[in-house]
Structure formats: C-alpha cells, structure tokens
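Peer 1: The structure under discussion is supplied below as structure tokens; questions concerning it will follow.
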Amino acid sequence: MANEILNALLKEYEQKKVRAEIAADERKEALYKKIPRLQILENEINNSALSTAKDILNKKYTALSSLSDKIDSLKKEKEDILKKNHIHSDYLKPYYECPLCKDTGYIQKNNYQTEMCSCLKQKLLDISFNKSNMSNLDKENFSTFNELLFSDEANPSKYRFAISPRENMLKIKEKSLEFVQNFDNPDYKNLLFSGNTGLR
C-alpha cells in the first residue's frame, strides 16, 4: 500500500515537472519571436559549450580560455537584453513547485547519493494523517485540552471509579504527556487505549 501511494505521488511529481518545463518552453518561444537575438545568443552559447566539451574530451586545452571568454560575453549580452526589456532572468526557467528537488521528489546530496525531498516527505505525512483521521491535530492536542468538559463529581456506581471523570482525565493526560516525552526511550512502556469508538 505504501509503495502504491509513493508511486502515485511520483507520477504526480513527474506531471508537475513536465508541465513546468513545457510552460517554460512556451515562454521562451514567445520571447524569441519578440526578440530573435535572444535565440541566436542561446544557440551560440549552446554551441560554444559543446565545443568546450569536445576540446576537453580531445585534450585540446589551448582554446578553452577563448571559448570560456566567448561564452561569458554571450551570456552578458543575453542578460543585458533581458534587463533592457525588464525581464527577470528566471523568466526563461521552469517554475517548479519545489525549487529544492525541481519537482522530482528527490535531492542529490554532496556524496552524489539521493534522498527524499522534504516536500515529498510532507505529502506522505499528510496522506498518513488523513488516513488515520489525525489531520486536525492543530485543533485537538494537549494545549487545547479542556478538563472542564468532564464532571468533577465522583460516581463509583456509574463510572466504576472512586475518582471523578475530570480527575481521571487529568491523570490520563499526565500519563500521555509522560509517554510523549519518553517516546524515544526504548525502556518506556507503551500506552493502550480501550473502549468503544467515540468515547472520551
């Protein structure tokens, strides 16, 4: 089940990524029609970068400096044209929903290993919370606990306790807080809740 959810999310991510890249291509195409010089510069930058890569592979290092200068010059002209037309340089890039993983769901660490992006982890957590009916934790938690909802009158014949429901609930709250504070302690005992659904 977990794999199915992850696979479904990754398909969504792929679709988002493709949509962002198609939109960027459309913006670029419209801009190149308006300012043809930009496309010429982009082609020249790409060709120069390809020539640089070929020279490196063929161990021809003498022309690398001039190629690098040429690329810098072309990029500078491109930036000047964009600035002159009041267009931000990011306008030609895809607008990814998550700039960290670029809508792939994974980021590459310094050791070239990949790890799940925080955005994908959050989506998985959200799904888990929704499935477990825990999506309202911001409203129902220890800070919003109200002991006044429970009677302070003991009624052993009704509740089978010598203490009042309020005192009982305060003890349960205390034990629950203690459990949370010791959650990472393997020697600490678990909690067991029993009773019919919907009971407090």
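Peer 1: Please state which one of K84, K123 is basic (K, R) and surrounded by fewer than 10 Cβ atoms within 10 Å (Cβ to Cβ).
Peer 2: After applying the criteria, what remains is K84.
Peer 1: Continuing with this model, one more query. Does N110 meet the test of being in contact with a Leu (Cβ under 9 Å, 6 or more places away or on another chain), among the polar types (S, T, N, Q) and at pLDDT 80 or above?
Peer 2: No, not satisfied.
Peer 1: Can you name the residue in region 149-182 that is among the aliphatic types (A, V, I, L, M) and not in a helix (DSSP H, G or I) and, of all such residues, is farthest from F193 (Cα to Cα)?
Peer 2: Here the residue is A154.
Peer 1: Please work out if E153 is at pLDDT 85 or above and either open to solvent by 100 Å² or more (accessible area, probe 1.4 Å) or within 30 Å of Y106 (Cβ to Cβ) (or both).
Peer 2: yes
Peer 1: For region 157-181, which residues satisfy the criterion of being polar (S, T, N, Q) and modelled with pLDDT under 85?
Peer 2: Answer for region 157-181, where residues must be polar (S, T, N, Q) and modelled with pLDDT under 85: just S157.
Peer 1: A further question follows. Please list, ordered by first then second residue, the pairs with beta carbon atoms under 6 Å, 6 or more apart or interchain, first in region 83-110 and within 19 Å of K11 (Cα to Cα), second open to solvent by 80 Å² or more (accessible area, probe 1.4 Å).
Peer 2: Taking only residues 6 or more apart or on different chains, the pairs are Y96/K102; D103/E97; Y106/T114; I107/L100.
Peer 1: Something else now. Specify the residue that is modelled with the highest pLDDT; the eligible residues are those in region 126-148 that are of a type outside the set (F, W, Y), surrounded by 10 or more Cβ atoms within 10 Å (Cβ to Cβ) and assigned to a helix (DSSP H, G or I).
Peer 2: Top of the filtered list is E147.
Peer 1: Of the residues in region 43-68, how many are free of Cβ contacts under 8 Å to residues at least 24 places away in the same chain, open to solvent by less than 90 Å² (accessible area, probe 1.4 Å) and either over 21 Å from Y32 (Cα atoms) or of a type in the set (G, A, S) (or both)?
Peer 2: Adding up the residues that qualify gives 12.
Conditions (1) closer than 25 Å to P99 by Cα; (2) open to solvent by less than 80 Å² (accessible area, probe 1.4 Å); (3) of a type in the set (D, E, K, R), marked per residue:
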{"residue": "D25", "(1), (2), (3)": "yes, no, yes"}
{"residue": "K28", "(1), (2), (3)": "yes, yes, yes"}
{"residue": "L31", "(1), (2), (3)": "yes, yes, no"}
{"residue": "K34", "(1), (2), (3)": "no, no, yes"}
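Peer 1: Among the residues of region 112-119, is there at least one that is surrounded by 12 or more Cβ atoms within 10 Å (Cβ to Cβ) and of a type in the set (A, V, I, L, M)?
Peer 2: Yes, region 112-119 has at least one match.
Peer 1: So which residues in region 15-42 are under 25 Å from M116 (Cβ atoms) and without any contact (Cβ under 8 Å) to a residue 40 or more places away in the chain?
Peer 2: Q15, V18, R19 - these are the residues of region 15-42 that are under 25 Å from M116 (Cβ atoms) and without any contact (Cβ under 8 Å) to a residue 40 or more places away in the chain.
Peer 1: Looking at I172, I127, I163, I107 in this structure, which one is out of contact with any Phe, Trp or Tyr (no Cβ under 8 Å at 6 or more places or on another chain), of a type in the set (V, I, T) and under 30 Å from N46 (Cβ atoms)?
Peer 2: I107
Peer 1: Scan region 162-179 and give yes if some residue there is among the β-branched types (V, I, T) and more than 30 Å from L100 (Cβ to Cβ), otherwise no.
Peer 2: Within region 162-179 (the criterion being among the β-branched types (V, I, T) and more than 30 Å from L100 (Cβ to Cβ)), the answer is yes, since at least one residue qualifies.
The values are calculated or read from the model by the stated rules, or taken from the named source; none is laboratory data. As the structure is a prediction and not an experimental result, all values here were calculated from the model. No Cβ is skipped: glycine too gets one built from the backbone with ideal geometry, and neighbour counts run over all protein chains shown. Please note that ligands, DNA and RNA were not included when accessible areas were found on the heavy atoms of the full protein model with its side chains. Shrake-Rupley method; radii C 1.70, N 1.55, O 1.52, S 1.80 Å.
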